[in-house]
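One structure is given here, and the rest of the page talks about it.
The values are calculated or read from the model by the stated rules, or taken from the named source; none is laboratory data. Everything numeric here is computed off the predicted structure, so don't read it as measured data. Neighbour counts run over all protein chains shown; Cβ positions are idealised from the backbone, glycine included. All accessible areas refer to the heavy atoms of the entire protein, side chains included, with ligands and DNA or RNA removed. Shrake-Rupley method; radii C 1.70, N 1.55, O 1.52, S 1.80 Å.
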Amino acid sequence: MQVCRLFFKITKKNIGFIILYLCIFSVMTVLMFTNINGSEGYTEDKAVAYIEVEENTADSSELISFLNYYVERKDLAGADAVDDALFWNDIDVYIKIPKDFYEQLLEDKLEILVIKTSPDSLSSYSLMTTIQSYFNQVKENIRLKLCSEENALSYTKEKIINTSLEINLIEKNNNLLNSMFNLGIYVICSLILMLVGIISFEMRTRDLARRLNISPVSTGKRNIVLALCYCGMSILIVGLITLIGIILFSDILFPKLGYFILNMSIFAITMVFMALFISSFFKSAIAFNCVAVILPLAAAFICGSFVDLSFMPDYTQILGHILPNIYIVKANAYINTCSSFNFMEYLKIVWPCFLFIAIFLVGNILISNFFAKSEN
């Protein structure tokens, strides 16, 4: 009880600074989350295209209707102006739709449309792939008797567009949650290191250290009680981040809210023992505070809190495995993408965090005992 009273007494003494720190991170988190949530709908770069139709038919109208989802149409003076427009990048692609293109498609002709592209445009290559995929699916739907030849173009168009929109919305929601909770990892890391820096080093001041030394509580038990107090504070931080997430993303967060809270709580507890372990190496609060500022930023970049791990080189990801952050980032991705949560699969991702907790706890006790003996 003596250790707990000292813990809360020091917390109360520094409550103004702690609240200020929490407010700064809360405002930063809200602003960043709001920016993430502010992008409405799904947008992508469309190829600028000039489309020439040899004969207006029902089939050509269906094809143009499909292309309008992927291109921004531009009018030219005529076919003679196409080469100049491509050269000056006024358009990305020129598409000529022959009057018998659908008959050629059904006959498996190789050249169905007349297409010219700008060599500098990546969007035109993406468009060509999309058109080819569309034609392939038209033929496959006919072969599987999912539709007739008369309505194959419209049937396939609706299937592709609806599926594409559904996938895009799912990806957007997943990106929102990933961004939110991965940023939360950085916030938790920073706040816990700050709390440990304030409270632990003040407990080492001469008067408080002397008061604890005459207490019958051993160094090991004292550290365990302190760790439990820190864990309680860390859960409050997780609750604060979760509350912000609920306010901003309640519609997409609630189905998996419990799993995210579990994941962030495991990380918060791991960070408590990591912070105590690191702080045991320092006698100067100033030196530890330098580490408390640098370490969360470095871990956030290395472990995927700011930049997706898929963009990281292999050696960076290997380096990131020496920190618990990367396992929680991967667990966030699993929770986001899994259709049905499997606890054993989740445990396969985060089990190193429990190993980190054991190593940090034992290391903290051993180092604290060593320094206590050397001072005596």
Can you spot the lysines whose alpha carbon is less than 22 Å from K330's alpha carbon? Ignore those fewer than 8 places along the same chain. K172, K256, K348
When ligands, DNA and RNA are left out and all protein chains stay put, how many square angstrom of accessible area per residue does the stretch 260-376 have with a 1.4 Å probe? 51 Å²
Distance between modelled label sites at V27 and S310, nm, 7 Å Cα→Cβ extension: 3.5 nm
Determine the distance separating the Cα centre of the stretch 122-141 from the Cα centre of the stretch 335-362; give it in Å without decimals. 41 Å
Give me the number: length gained by fully extending F341 to A58, i.e. 0.36 nm times residue separation minus the C-alpha to C-alpha distance, one decimal in nm. 97.2 nm
Cut-off under 18 Å on the C-alpha distance; same-chain residues fewer than 8 positions from K139 excluded. Which lysines are left, in chain and number order? K109, K157, K159
Those lysines that a straight Cα-Cα span of less than 29 Å connects to K283, excepting residues fewer than 8 apart in one chain: K9, K12, K13, K221, K373
Distance cut-off 20 Å, Cα to Cα: go down the list K46/K99; K46/K96; K46/K74; K46/K116 and report the pairs above it. K46/K99
